Each structure stands twice: as C-alpha cells, then as structure tokens.
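Trainee: Could you have a look at this structure, given as structure tokens, before my questions?
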Amino acid sequence: MQIAIDGPAGAGKSTIAKRLAGESGYIYVDTGAMYRAMALFLLRQGVSPDDREGIERACSDADITIKYIDGEQNVILNGENVNGLIRTREVSNMASVSSVNGKVRKKLVALQQRLAATEDVVMDGRDIGTVVLPGADVKIFLTASPAVRAKRRYDELTAKGEACDIKAVEKEIIERDERDMTREISPLKQAEDAIVVDTSDMDIDEVVDTIRNLISQLC
Ligand code: DC
C-alpha cells in the first residue's frame, strides 16, 4: 500500500502523514528530512548555496539512511543521527537549493523507492506522486494559502525558540515554493491523478478525516 502526499512547505504534510501512518500501521517516510540531511552535510562542508558545482562534487560523500526509533523516522548522516539539527531556516533554504541537483535527487529517490518496495508507506514530499511512487494507490496534493503556511512555520519556529519575523518567513516560503515548482528535475506539481486538499481553513482533525474518507473510497 502506498499513500503519496505532496505539496508546498507548511501545508501540513508531515503532521497529517504521521497521523495517517500511525493509525493505519504503515511506515511514515518523510522525504524532506533526507534532503535536509543532505543540506546539513553540504553546509558543514562549507559549500555555499550558490555553488552548484560544489554541491555536485560534495554530495557523493554524504551517506544518508533512515532508522525508526519508537516508530519515529530518524535520519542518519554518515553514521550520525541528525534529526534534531535539520529543522532550521538555514537548512530549509539549503535543502530547497541543493535538491535541484540531479545527483542529489537520484541518490535519495533510490532510497525512498527501496523503502516503499518492502513496506506499506505514507510518504510525503514534492515528487512522490509524480516520480518516486507514480503507481501509488492514493495521491493527495495538500496545499494552503502562503499566509496560512507562513503562520504555521512561524509558530513552529518560535515554539522551538528560534527568533524570526513572520513576513521574512512568508517571503522565504514563497521563494522556496517558486524554486521547488520551477526546477528542471522533478518539480513540485500536482500529479494528474492526485486529489487536491486545501487545508487553509481546516484543523488537523478535519484534514485527517477528509483524507481517511478519500482513502476508504479509493481502496
Ligand atoms: O518537506 P520539507 O520542507 O522538509 O522539504 C525541504 C526541501 O527539500 C524542499 O524545499 C524541497 C526539497 N524536497 C524535494 O525536493 N523533494 C522531496 N520529495 C522532498 C523535499
């Protein structure tokens, strides 16, 4: 069983996917976390987000795997659990920039497809329904207005103690969407057979109910 959830940053993908996976007993695969681990590696190597060749050269040295601890996905970068280090704004922006690179994508898509080959999965990202799991049983395109998504990201960051300005967060989200949607390889787009769910005016329970109903109608 494969459930693919794609959509822009802050649409609620990971919260919803985690809940759906938990209640169905499937594995939750957060593919953004893999791109974030790669971004952390590149930042640690001192590669600048503008240095396309540097990204291309350095990415081969990152070994990224995942491990489930108490049902929670943990990303392992060259043997180190980096789960607590990949949710900063710097890493978010580097992940969006470096995920444009074909070599980075090839490596991580292979890992994602290996996971889905042996487990029932709820997988979220940008290209799951279009590229990673084109034959997924259910494809959801989760979205919300930029203002709502920025407010969610802002609340998340401030709850973690990261000082930020909501307008700056909104600007970064819009820039990230633009980059994710216009890149050449595997851009963020709705798969033809995906169902759009706009979460702007919905709470988490409403979104989960809506998707649960869609799954039971489709499967
Ligand atoms: O879902 P997220 O915000 O954690 O993703 C971080 C970045 O990683 C996102 O801006 C683009 C990239 N990404 C991608 O290119 N493909 C995916 N399947 C998931 C994430």
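Trainee: For ALA150, indicate whether it is of a type outside the set (Val, Ile, Thr) and either free of Cβ contacts under 8 Å to residues at least 40 places away in the same chain or over 16 Å from SER92 (Cβ atoms) (or both).
Mentor: No, not satisfied.
Trainee: Condition (residue is surrounded by 21 or more Cβ atoms within 10 Å (Cβ to Cβ), within 19 Å of the chain's Cα centre (by Cα), within 12 Å of the ligand (Cβ to nearest atom) and in contact (Cβ under 8 Å) with a residue 12 or more places away in the chain) applied to region 15-28: is it met by at least one residue?
Mentor: yes
Trainee: Could I ask something else about it? Which residues, counting only those in region 111-130, are near the ligand (Cβ under 7 Å from one of its atoms) and farther than 12 Å from VAL29 by Cβ?
Mentor: Correct list: ARG126, ASP127.
Trainee: Restricting to region 69-86, and then to whatever is in contact (Cβ under 8 Å) with a residue 12 or more places away in the chain and small (Gly, Ala, Ser), can you tell me which residue is nearest to ALA17 (Cα to Cα)?
Mentor: Result: GLY71.
Trainee: Would you tally the residues in region 53-88 being more than 16 Å from the ligand (Cβ to nearest atom) and of a type in the set (Val, Ile, Thr)?
Mentor: 3
Trainee: List every residue pair whose Cβ atoms lie under 6 Å apart, where the two residues are 6 or more positions apart in sequence or sit on different chains, the first residue falls within region 165-192 and is farther than 19 Å from PHE141 by Cα, and the second residue, located anywhere, is of a type in the set (Lys, Arg) and in a helix (DSSP H, G or I).
Mentor: Going by the 6 Å Cβ cut-off, the qualifying pairs are VAL169/ARG153.
Trainee: Going by the structure shown, is LEU133 more than 10 Å from the ligand (Cβ to nearest atom) and surrounded by fewer than 19 Cβ atoms within 10 Å (Cβ to Cβ)?
Mentor: Against the criterion (more than 10 Å from the ligand (Cβ to nearest atom) and surrounded by fewer than 19 Cβ atoms within 10 Å (Cβ to Cβ)), LEU133 does not qualify.
Trainee: Quick one: ARG44 ticks every box in (1) within 13 Å of the ligand (Cβ to nearest atom); (2) without any contact (Cβ under 8 Å) to a residue 60 or more places away in the chain; (3) surrounded by fewer than 22 Cβ atoms within 10 Å (Cβ to Cβ) except a single one, so which number is it?
Mentor: With respect to (1) within 13 Å of the ligand (Cβ to nearest atom); (2) without any contact (Cβ under 8 Å) to a residue 60 or more places away in the chain; (3) surrounded by fewer than 22 Cβ atoms within 10 Å (Cβ to Cβ), ARG44 is out only on (1).
Trainee: Could you check how many residues of region 146-169 are more than 15 Å from the ligand (Cβ to nearest atom) and in contact with a Phe, Trp or Tyr (Cβ under 8 Å, 6 or more places away or on another chain)?
Mentor: Of the residues in region 146-169, 2 are more than 15 Å from the ligand (Cβ to nearest atom) and in contact with a Phe, Trp or Tyr (Cβ under 8 Å, 6 or more places away or on another chain).
Trainee: To continue, here is another question. With away from the ligand (no atom under 15 Å from the Cβ) and either crowded, with 19+ Cβ neighbours inside 10 Å or among the polar types (S, T, N, Q) (or both) as the only criterion, which of VAL91, VAL104, VAL138 stands out?
Mentor: Working: VAL91 fails: away from the ligand (no atom under 15 Å from the Cβ); VAL104 fails: away from the ligand (no atom under 15 Å from the Cβ).
Checking each option against the conditions leaves just VAL138.
Trainee: Report whether or not ASP50 is modelled with pLDDT under 95, away from the ligand (no atom under 16 Å from the Cβ) and within 28 Å of TYR154 (Cβ to Cβ).
Mentor: yes
The values are calculated or read from the model by the stated rules, or taken from the named source; none is laboratory data. Computed from a predicted structure; not experimentally measured. Because the Cβ atoms are built from the backbone with ideal geometry, glycine has one as well, and the counts that use them run over all protein chains shown.
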